[in-house]
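What follows is a single structure, written as structure tokens, with notes after it.
The values are calculated or read from the model by the stated rules, or taken from the named source; none is laboratory data. Note that this is a predicted model, so its numbers are computed, not measured. Cβ atoms come from the backbone with ideal geometry, glycine included; neighbour counts cover every protein chain shown. The protein model used for the area step is the full one, side chains on, heavy atoms only, and it has no ligands, DNA or RNA in it. Shrake-Rupley method; radii C 1.70, N 1.55, O 1.52, S 1.80 Å.
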Amino acid sequence: PSERHLGRAIQLQALQHGDKPYLLFGESVYTFAEVNQRVNELAAGLARAGLKAGERLAFYMSSAPEVIFLVLATNKLGAVWVPINTDYKGAWLRDTINDSRPTILVSDAAHVSRLQEVGDALSLEALVLHGGHEAMPGAVSLEDLYVAGAGEPDMSGLSTGDTCAVLWTAGTTGKAKGVMQSHNVWFNAVYANNEECQYGIAEDDVIFTVLPMYNSAVWVTAIFRALFAGVPLA
């Protein structure tokens with residue numbers, strides 16, 4: 001149970017399988033050790049930007065390795081990540097972001113135009129953009145947040161029962177609601193998913209996904225599944 005924490009999971013895999021590939025994205029390949037280092041460097045940058053334990057970081061961006069770095073970095077700080085559906089726009093986007101009460105919102109160049117439409121109505125301490133930060137006054141470049149050579153954050157006070165994420169429901173029977181998720185929820189879901197899979201996972205498997213990263217399904221069936229099993233994710 002003491003290891004059922006997402007921040008510790010990538011730290012442990014970096015120690016045990018550091019040279020093994022974890023993320024395959026286009027031509028980019030990141031080993032477990034490289035991902036852990038990127039996560040540590042981003043965690044240091046997010047802390048400098050004002051993100052504290054218990055606070056929320058929301059992301060409204062296309063699927064990319066940087067989303068995974070953000071999630072794990074946020075959790076290493078004891079903070080909470082909130083995915084925002086990239087189909088949202090207008091009032092629905094504005095209200096979802098504001099109701100999430102994020103300290104930091106991270107987005108990308110592909111979604112700048114929608115953010116510009118609601119930007120004046122957003123309550124944020126910091127806006128971070130992955131590419132195209134010049135398009136919004138006051139936005140910070142995600143690439144500039146990384147603190148080269150940063151070490152492991154202090155995770156000694158973090159627990160498997162801590163809230164690590166808020167997932168917004170689909171809103172099929174009413175307006176979407178933000179649901180708090182603990183670290184342990186993800187471990188239980190992944191292990192249950194493995195048991196339901198007829199063949200389990202072999203050491204030379206590669207998990208492939210095309211699911212959007214704002215949806216819980218991709219984290220259970222692919223991202224965290226690959227992380228916990230120590231196999232690559234494409």
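Among residues of the stretch 9-22 that are touching a residue at least 60 places away in the same chain (Cβ under 8 Å), those with a beta-carbon under 6 Å from a residue that is of a type in the set (A, V, I, L, M, F, W, C) and exposed (fewer than 15 other Cβ atoms within 10 Å of the Cβ) at least six positions away or on a different chain give the pairs P21/V29. There is no residue in the stretch 130-139 that is open to solvent by 40 Å² or more (accessible area, probe 1.4 Å), of a type in the set (D, E, K, R) and closer than 29 Å to K20 by Cβ. Note on the stretch 54-82: residues that are within 12 Å of S107 (Cβ to Cβ) and not hydrophobic (A, V, I, L, M, F, W, C) total 3.
Where strands (runs of 3 or more DSSP E) fall entirely within the stretch 1-101, those with at least 2 residues that are open to solvent by 10 Å² or more (accessible area, probe 1.4 Å), more than 17 Å from S216 (Cβ to Cβ) and touching a Ser or Thr at 6+ places or on another chain (Cβ under 9 Å) are at 21-25. Among the residues examined, Y146 does not qualify as open to solvent by 60 Å² or more (accessible area, probe 1.4 Å) and either in contact with a Lys or Arg (Cβ under 6 Å, 6 or more places away or on another chain) or of a type in the set (F, W, Y) (or both). I'm trying to understand the selection: among the residues of the stretch 119-170, which are without any contact (Cβ under 8 Å) to a residue 60 or more places away in the chain, in a loop (DSSP other than H, G, I, E, B) and among the aliphatic types (A, V, I, L, M)? Result: L122, L124, M136, A139, A170.
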